[in-house]
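Novice: Pasting a structure below so you can have a look.
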Amino acid sequence: SWYAKQFPTTSQARASVSGGNSDSQGNAFLLPGATVATLLMLGALHARRLYDDKKVEDAREKGVEFEFQPDVKAAFLRMLPLRSISRVWGFLTNVEIPVWLRPHVYRAWARAFRSNLEEAALPLDEYASLRDFFVRTLREGCRPIDPDPYSLVSPVDGTILRFGELKGAGAMIEQVKGFSYSVSSLLGASSLLPIIAEGHTQDDSSTIEQESSQREKSKKSWWRISLASPKVRETVSACPMKGLYYCVIYLKPGDYHRIHSPVDWNVLVRRHFAGHLFPLNERATRTIRNLYVENERVVLEGLWQQGYMAVAAIGATNIGSIELFIEPELRTNRPRKKLLHSGPPEECVYKPEGVGVMLKKGEEVAAFNMG
Amino acid sequence: STVVLVFQAPTLKSPKNSNASEFRFSIRRGDRIRVGEAMGRWHDS
């Protein structure tokens, strides 16, 4: 509004000095003026974002937990054609870069997003496009797999957002304090997800406090079972009990973007949800409701030595498509055919039925692609 | 992008066998983790 008020005044002043021809001179200054204003605005927004990020980081170090607060920007994001934007971004990043320019571009990317270039499997000038570089493999031995047969390993490079134990039929995962989403919405209504017991999600932060009450509760139910039926008691003590756990890992743009198998397991089903492609950054998790449940994702379900296993890979605006190495023909982030995203997921049962595809611990399963 | 892992693992000890192991995460919220690093462990009884 300041610019709108100022501009006619300066044009009029110039007209009075030059004695005419005010329109043409005004138009000549309009474009550079608008460009400068836009650049200033973008610079200010970037500075504000850096400042906000720093504040978030400082607060997290002090142990402050952010609460869910939907805002106008989140509502505005819903109106943007994010899937189209994502595909255009994918197209642009797939453009071949001249060989002499490649190392400069990739070094700049690595500096901006803190990637370790020494881990790249190939020399930088061999990655034809930013997209190729982004989904690069790593040098042999860069990611040793934990040899303990009783360990479950991380499937990705990233930051741990949440983890804990799930309880009850309607088990929920906390997106951020004040808002949770149900596991069955994330994995699909037809999921093989086992229902464990009554109760709520047991977050990592409350584990210690709830441990004693949990033990107390199990003692009580044990007492009740003992009185009720000795046969039931025998069954319970003979079967090892299984809990249902979860872990949410966020991948920053500079992270290695391939997904590996966390354990030896058999993948029985693949489910593809063609949803939105909202950004998945820290701010988005605080302001967009059902972020992980609404975004496009691929869910792999199956069995391992200890029971059920599911890996959900969730796309974002910049990293919109997911490539499955066990099913190369799968295409995600396709142009939208329907106006609404609420249709059922596309499901594929791997053959032979009941056995599916066997994966070894640490084996490459999928990759996130740009756009 | 984000990856969510949901899995079954051994949990609370059964009343008869107090040595039975439960799964324990070896991570904390906000930790940086890399492919192949252990997220949690359990022990066979």
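Please treat every number below as a calculation from the coordinates, not as lab data. What you are looking at is a predicted structure, and each value in this text was computed from that prediction instead of being measured. Methodologically, a virtual Cβ is constructed for each residue, glycine included, from the backbone with ideal geometry; neighbour enumeration extends over all protein chains shown.
Novice: Going by how many other beta carbons lie within 10 Å of each one, how would you line up A:M41, A:M370, fewest first?
Specialist: If I rank by nearby Cβ atoms, fewest first, I get A:M41, A:M370.
Novice: So, one more: Please state the shape class of the stretch A:64-177: rounded when a/c is under 1.5, otherwise prolate if a/b exceeds b/c and oblate if not, all from the C-alpha gyration tensor.
Specialist: It is oblate, given that a/c is not under 1.5 and a/b is not larger than b/c.
Novice: What full-extension length gain, to one decimal in nm, is calculated for A:N116 and A:E327 as 0.36 nm per residue of separation minus the Cα-Cα distance?
Specialist: My answer for the length gained is 73.0 nm.
Novice: Evaluate peptide A:290-298: per residue, the Cβ atoms of other protein chains within 10 Å of its Cβ; return the mean as an integer.
Specialist: Rounded to a whole number, the mean comes out at 1.
Novice: Once R0 is set to 41 Å, what does the formula 1/(1 + (r/R0)^6) return for the Cβ-Cβ distance between A:C348 and A:A37, expressed as a FRET efficiency to the nearest 0.05?
Specialist: E(calc), rounded to 0.05, equals 0.20.
Novice: Output ³J(HN,Hα) for the stretch A:316-325: one whole-Hz value per residue in order, computed from phi by the Karplus curve 6.51 cos²θ - 1.76 cosθ + 1.60 with θ = phi - 60°, and x for Gly and Pro.
Specialist: Computed from phi, the couplings for the stretch A:316-325 are 9, 4, 7, 10, x, 10, 10, 9, 9, 6 Hz.
Novice: Show the residues, 5+ positions off or on another chain, whose built amide H is closer than 5 Å to the amide H of B:G40.
Specialist: A:L152, B:S26
Novice: Can you grab the distance from the C-alpha centre of the stretch A:113-166 to the C-alpha centre of the stretch A:91-111, Å, no decimals?
Specialist: Between the Cα centres of the stretch A:113-166 and the stretch A:91-111 lies a distance of 20 Å.
Novice: Using 29 Å as the Cα-Cα cut-off, could you pick out the over-long pairs in A:K167/A:K351; A:K177/A:K242; A:K73/A:K177; A:K177/A:K351?
Specialist: A:K167/A:K351; A:K177/A:K351
Novice: Please give the average number of partner chain Cβ atoms lying within 10 Å of the Cβ of each residue in A:250-256, rounded to a whole number.
Specialist: Average neighbour count from other chains, rounded to a whole number: 2.
Novice: Per residue of A:302-314, how many C-beta atoms from partner chains lie within 10 Å of its own C-beta, taken as a mean?
Specialist: 4
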